[in-house]
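Structure record follows, encoded as structure tokens.
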Amino acid sequence: TLEYLQRRVHDPEALQRELDRAYPTGRVPCYRSAPALRNGEMSAKLAWPSDPDNDNFPAWLVHKSVQDRDFHHIQTGDPLFVTLDGDIIPYDGSHGSPVVLLFVNEGGYYYASSGTGIAVGKRDEFDLNTGTLIPSASTSGSTTSGSSSATRKTLEEE
């Protein structure tokens, strides 16, 4: 951001030419946090339950299809977590569909005190010509109730 501001002040024409080449439609993809569904949270998260004997030990693991894949889009029904018994817990659509996963398996979010879970974002676009945010079709009002009645599949069924 600082580099952008400096270039905008010192050579706005060169910056505009570069932006025009990189984004010929005038629209830049941007990501923002999905709205929180739980009281006390500032942004959306997909939380996993903790071990009953240790709040800092997860009872579910991140599914291999989303591990190390920040900014990966998932849709309702896509694998999200795996129980310690090997059952697959799919994304339940509670924040809309599709959504973008952020901070997947981030060490700082393993502890209940730091807000266990994976951050959820929405992909929108920013119009460089008008300076407005353009919500994508999937983010304009497409959230569901926050129920999390996930269906379980075994690893063999995947």
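The values are calculated or read from the model by the stated rules, or taken from the named source; none is laboratory data. What you see is a predicted model; the values in this text were computed from it and never measured. Every residue, glycine as well, gets a Cβ built from its backbone with ideal geometry; the counts of neighbours run over all protein chains shown. Accessible surface is based on the protein model in full, side chains and every heavy atom, while ligands, DNA and RNA are left aside. Shrake-Rupley method; radii C 1.70, N 1.55, O 1.52, S 1.80 Å.
Could you identify the single residue in Thr76, Thr83 that is modelled with pLDDT of 85 or more and closer than 17 Å to Thr116 by Cα?
Being modelled with pLDDT of 85 or more and closer than 17 Å to Thr116 by Cα holds for just one of Thr76, Thr83, which is Thr83.
Could you look through region 8-27, keep only residues that are basic (Lys, Arg), at pLDDT 90 or above and assigned to a helix (DSSP H, G or I), and pick out the one that is least open to solvent (accessible area, probe 1.4 Å)?
Arg17
Out of all the residues in region 28-48, which are surrounded by 13 or more Cβ atoms within 10 Å (Cβ to Cβ) and in a loop (DSSP other than H, G, I, E, B)?
Answer for region 28-48, where residues must be surrounded by 13 or more Cβ atoms within 10 Å (Cβ to Cβ) and in a loop (DSSP other than H, G, I, E, B): Ala34, Pro35, Ala36, Leu37, Glu41, Ser43, Ala44, Ala47, Trp48.
How about region 48-76: which of its residues are over 27 Å from Ser136 (Cα atoms), polar (S, T, N, Q) and free of Cβ contacts under 8 Å to residues at least 60 places away in the same chain?
Passing the criteria: Asn54, Asn56.
Being in a loop (DSSP other than H, G, I, E, B) and open to solvent by less than 90 Å² (accessible area, probe 1.4 Å) is the filter here; which residues of region 59-80 pass it?
Once the filter is applied, which keeps residues that are in a loop (DSSP other than H, G, I, E, B) and open to solvent by less than 90 Å² (accessible area, probe 1.4 Å), region 59-80 yields Ala59, His63, Ser65, Val66, Gln67, Asp70, Thr76, Gly77, Asp78.
Checking Cys30 against (1) within 30 Å of Gly117 (Cα to Cα); (2) touching a helix residue (DSSP H, G or I) at 6+ places or on another chain (Cβ under 9 Å), only one condition comes out false. Which one?
The number of the failed condition is (2).
Out of all the residues in region 94-114, is one or more open to solvent by less than 80 Å² (accessible area, probe 1.4 Å), modelled with pLDDT of 90 or more and part of a helix (DSSP H, G or I)?
no
Counting just the residues of region 81-93 that are buried (at least 18 other Cβ atoms within 10 Å of the Cβ) and touching a strand residue (DSSP E or B) at 6+ places or on another chain (Cβ under 7 Å), which one comes out nearest to Lys45 (Cα to Cα)?
Tyr91
Across region 2-47, which residue is nearest to His73 (Cα to Cα) among those that are of a type in the set (Ser, Thr, Tyr) and free of Cβ contacts under 8 Å to residues at least 24 places away in the same chain?
Only one residue fits best here, namely Thr25.
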